[in-house]
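Below: the structure, in structure tokens.
Every read-out reported here was derived from the displayed coordinates using simple, explicitly stated rules and does not represent laboratory data. Bear in mind that the values here come from a model prediction, so they are computed numbers and not experimental data. Cβ coordinates were reconstructed from backbone atoms using ideal geometry, including for glycine residues, and neighbour counts include every protein chain displayed.
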Amino acid sequence: MSDLGSAPAPAVSGADHVRGDPGGPLVVFYGDYTCPRCAQAHDRLRDARLRLAFRHFAIAAKHPRAVPLACAAEAAARQGRFWEFHDSLFEDAAHTDDPHLWERARALGLDVERFERDRRDEAVVAIVRAQTRAGMRAGIAETPTLMIDRTMLPGIPPLDLADQLTG
Amino acid sequence: MTVIEAGTSVPEFTLATEDGGAFARGDLLGATSVLVFYPFAFSPVCSDQLTLYEEVLGDLAERGATLYAISTDARWSQAAFKEKLGSSVQQLSDFEPKGATARAFGVLHDGGFTQRAIVTVDPDGVVKWSYQAPSPGDLPGTNLIFDGLEA
């Protein structure tokens, strides 16, 4: 019986997907590729002067593609192309059926057969589930939610977030 | 008005089930219940809340707990809401007399609708834990439900 009581979010580690300015403030973005507000958050954060980590908060009851798309991104990660796939999911949210995912994988030069196996791999599903449940334990209830220094900020971030954080 | 406190015996109440039957205090006895009071069917925060909680129904069942969703909406509105969400949470209507159960639990908003609150009841009909969100617009995380079960 798993514990879903309150617990702090895990610290960012080598297991996380992180990009951006290594000297910038660390922001952890809990998101869902089917969430329109997350797509707006992605727009605002993508080129901001931040060190950005992304974690899945994929709720199956919210949208039937929430978990499959998160698994697809993790499958792309196994071939070293997480961020490119992640960006494409937010930037072309109207095309996320399986054939669209295969086309994306092909365009990124991935081994599509391996991508297809990996996105259905129990270990990949477990990553998405673990991140989502850890987010729940940390008190996350909606997407997008940003975690900055252990403080949770639900909702679309302001345009000048990086400026606010760097003073 | 404040949400009913832990240690208090659940008051007598009657709510309407989806098929028009009655759900009363006696129906809570014998098992742990999580009563989720929410303001309005189809509103954004309420929709997000019930889809989020759907994710942990299995975990609640493992702990012998059942979650019920309660609002002052009519049972037909709740049924349509449940269908739209694809939710499996049982809805209980506090429509007639409006807000009577919410009032009895201390969670009736001055506007005449249920506050956003959670009340966990033990198998003996005693409140085990209770929580009211700071405002109807705040969405309590699932972590609070499980904290309440361990309280």
* Which of rounded, prolate, oblate describes chain B, given a ≥ b ≥ c as roots of the alpha-carbon gyration tensor eigenvalues and a/c under 1.5 marking rounded, otherwise prolate only if a/b is larger than b/c? -> rounded
* Asked: Per-residue HN-Hα couplings for region A:2-9, Karplus 6.51 cos²θ - 1.76 cosθ + 1.60 at θ = phi - 60°, whole Hz, x for Gly and Pro?
  -> 6, 8, 10, x, 4, 7, x, 5
* To do: Straight distance only, please: which lysines reach the Cα of residue B:98 with their own Cα at less than 16 Å, same-chain residues fewer than 8 apart left out?
  => none
* residue B:9: net charge of surrounding residues, Cβ under 12 Å, Lys/Arg +1, Asp/Glu -1, itself excluded? -> -2
* To do: Take the Cβ-Cβ distance between residue A:114 and residue B:5 as r, set R0 to 51 Å, and report the resulting FRET efficiency rounded to the nearest 0.05.
  => 0.35
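Can you give the net charge of the other residues whose Cβ lies under 10 Å from the Cβ of residue A:59, counting K and R as +1 and D and E as -1? Show your work: numbers first, answer last.
Details: positive: A:62; negative: A:32, A:142, B:48, B:54, B:55.
It works out to a net charge of -4.
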* Asked: Principal axis lengths of region A:23-166 from Cα atoms, whole Å, largest first?
  -> 44, 29, 26
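What FRET efficiency comes out for the pair residue A:1/residue A:160, r = Cβ-Cβ distance, R0 = 41 Å, nearest 0.05? Could the numbers behind the result be given before it?
Numbers: r = 44 Å, r/R0 = 1.08.
According to the calculation, E is roughly 0.40.
Report the gain in length on full extension from residue B:29 to residue B:151: 0.36 nm times residue separation, minus Cα-Cα distance, nm rounded to one decimal.
Details: separation 122, 0.36 × 122 = 43.92 nm, distance 1.86 nm.
Full extension from residue B:29 to residue B:151 adds 42.1 nm.
Express the relative contact order of region A:44-167 as a whole percentage, based on alpha carbon pairs under 8 Å and six or more residues apart in sequence.
Numbers: 102 pairs, mean separation 35.5, N = 124.
29 percent.
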* **Distance between region A:49-87 and region B:101-151 - C-alpha centres, whole angstrom** => 33
* Expressed as a rounded percentage, what relative contact order does chain B have, with Cα pairs under 8 Å and six or more residues apart? -> 34
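Using a 10 Å cut-off around each Cβ of peptide B:46-55, what is the average number of partner chain Cβ atoms that fall inside? Present the calculation step by step, with values, prior to reporting the outcome.
Details: counts 0, 1, 5, 2, 1, 6, 8, 3, 4, 10.
For peptide B:46-55, the averaged partner shielding equals 4.
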* Structure fact -> With the charge dipole of the protein assembly as shown built from beta-carbon charges (+1 for Lys and Arg, -1 for Asp and Glu) about the Cα centre, the Cα from A:83, B:58, B:112 projecting farthest to the positive end belongs to A:83
* To do: Go ahead and estimate [θ] at 222 nm for chain B from helices alone: -39,500 (n - 2.57) per DSSP H run with n ≥ 4, summed, over the residue count, rounded to 500.
  => -7500 deg cm²/dmol
* the protein assembly as shown shape via C-alpha gyration tensor axes, a/c threshold 1.5 -> prolate
* Under a Cβ-Cβ cut-off of 9 Å, what is the net charge of the residues other than residue B:90 that fall near it, where Lys and Arg count +1 and Asp and Glu count -1? -> 0
